[in-house]
Amino acid sequence: MAEKIINIQHLKKSFGENEVLKDIDFSVAKGEVVSIIGSSGSGKSTLLRCINLLEKPTSGEIYYKGENVLSPGYSLTKYRTHLGMVFQSFNLFNNMNVLENCMTGQTTVLKRNRSEAKKVALANLEKVGMDRYIDAKPAQLSGGQKQRVAIARALSMNPDVMLFDEPTSALDPEMVGEVLKTMKALAHTGLTMVVVTHEMDFAREVSDRVIFMDKGVIAEQGSPEDIFGNPKEERTKKFLHRVL
Ligand code: ADP
Ligand code: MG
């Protein structure tokens with residue numbers, strides 16, 4: 001078993017009376033691609049947001065490379081630089097061009113000088129096929145192009161783990177393919193990825209492991225062959241029946 005980069009135990013998260021995550025154990029190993037599937041409202045986004053501490057867990061432990069990130073004195077700013085996040089809604093800086101979008105985190109957070117930051121940004125924009133658009137502003141790009149820039153921006157921080165929250169859900173159907181293709185190529189480079197997705201073909205073809213969430217718990221997890229070919233839980237079967 002490869003080294004666990006992130007290891008979460010007994011994670012619970014409530015919003016007021018509403019317990020959204022109920023005692024979740026989750027880990028991801030170096031180089032692993034994990035897809036998280038499940039109905040809307042099952043807690044998938046909240047789990048991702050707890051992983052990178054955009055949401056504070058109500059209780060539970062989160063270990064990053066064996067260190068408890070919730071312990072006093074652990075630098076959350078530093079922790080977050082190890083995790084790249086790609087949102088459904090791109091979240092690009094609309095006043096900056098493509099190149100600046102991919103440089104700004106590097107210069108401000110990682111303190112790289114501009115020439116180094118530019119080199120890294122260009123290499124990642126090339127990876128996602130957006131290096132010809134460095135001067136464009138987000139408003140000039142299609143949704144698929146924006147999302148590929150968002151991926152390049154996250155990669156430019158050299159994260160250990162990339163978290164994707166339904167990266168293709170806001171896209172017009174004809175643009176879904178280009179983003180999935182980019183993500184598939186990244187998965188094949190050995191990047192560690194956690195992907196919340198509605199794209200069952202992607203989950204089946206690209207993941208090492210698939211997690212099915214239902215009502216705040218991990219109802220079932222396993223290899224894509226197990227989950228899609230031989231699901232054990234009734235609720236997994238029902239969900240797959242509905243979406244496939
Ligand atoms: P999913 O991503 O699987 O659709 P979410 O994690 O977004 O599910 O949401 C799970 C539940 O948590 C939903 O009932 C949602 O209304 C609730 N929820 C999510 N974020 C918040 C929040 N910031 N405040 C209150 N309730 C929230
Ligand atoms: Mg969600």
**Q.** Reference-scaled alpha-carbon Rg (2.2 N^0.38 Å with N residues) for region 70-135
**A.** 1.26
**Q.** Only Lys, Arg (+1) and Asp, Glu (-1) charged, at Cβ; the chain dipole about Cα centre in debye
**A.** 660
Q) Given that compact globular proteins tend to follow 2.2 N^0.38 Å, what is the ratio of the alpha-carbon Rg of region 8-49 to that value? A) 1.25
Q. Quick one: putting +1 on the C-beta of Lys and Arg, -1 on the C-beta of Asp and Glu, what dipole do you get for region 1-91 around its Cα centre, in Debye to the nearest 20?
A. 240
Q) Ratio of Rg to Rh for region 106-244, alpha carbon only, Kirkwood? A) 1.04
Q) Ordered by residue, what ³J(HN,Hα) values in Hz, to whole numbers, does region 232-244 give under the Karplus form 6.51 cos²θ - 1.76 cosθ + 1.60, where θ = phi - 60° and Gly and Pro are x? A) 9, 7, 4, 5, 5, 4, 4, 4, 5, 4, 6, 9, 8
Q: Kindly flag which residue pairs out of Lys146/Lys184; Lys65/Lys184; Lys78/Lys137 have an alpha-carbon separation exceeding 22 Å in this structure.
A: Lys65/Lys184; Lys78/Lys137
Q. Assigning unit charges at the beta carbon (Lys, Arg +1; Asp, Glu -1) and nothing else, what dipole magnitude in debye, to the nearest 20, does region 102-152 show about its Cα centre?
A. 100
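Would you mind giving the average projected area, over all directions, of the Cα convex hull of the chain in nm² with one decimal?
Averaged projected area of the chain's Cα convex hull equals 13.7 nm².
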**Q.** Furthest towards positive pole of dipole, Phe212, Thr104, Val34, structure part the chain, Cβ charges
**A.** Thr104
Q. Expressed as an acute angle from 0 to 90° and rounded to the nearest 10, what is the orientation of the C-alpha long axis of helix 173-188 relative to the principal long axis of the chain?
A. 90
Q) Given a cut-off of under 8 Å on Cα pairs at least six residues apart, what relative contact order in percent is computed for the chain? A) 26
Q. Cα axis of helix 143-155 to longest principal axis of the chain: angle in degrees, 0 to 90, nearest 10?
A. 90
Q. Just going by the charge dipole of region 80-209, with Lys and Arg at +1 and Asp and Glu at -1 on Cβ, which of Pro138, Val196, Thr168 is farthest out on the positive end?
A. Pro138
Q | Two-decimal Rg to Rh for region 115-169 - Kirkwood Rh, Cα set | A | 0.96
Q: Would you mind checking the tilt of helix 114-127 against the longest principal axis of the Cα atoms of the chain, expressed as 0 to 90 degrees and rounded to 10?
A: 60
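Laboratory data are not the source of any read-out in this text; all were calculated from the coordinates shown. The model shown is predicted, which means the values in this text are computed figures rather than measured ones. We place every Cβ from the backbone using ideal geometry, glycine too, and count neighbours over all the protein chains shown.
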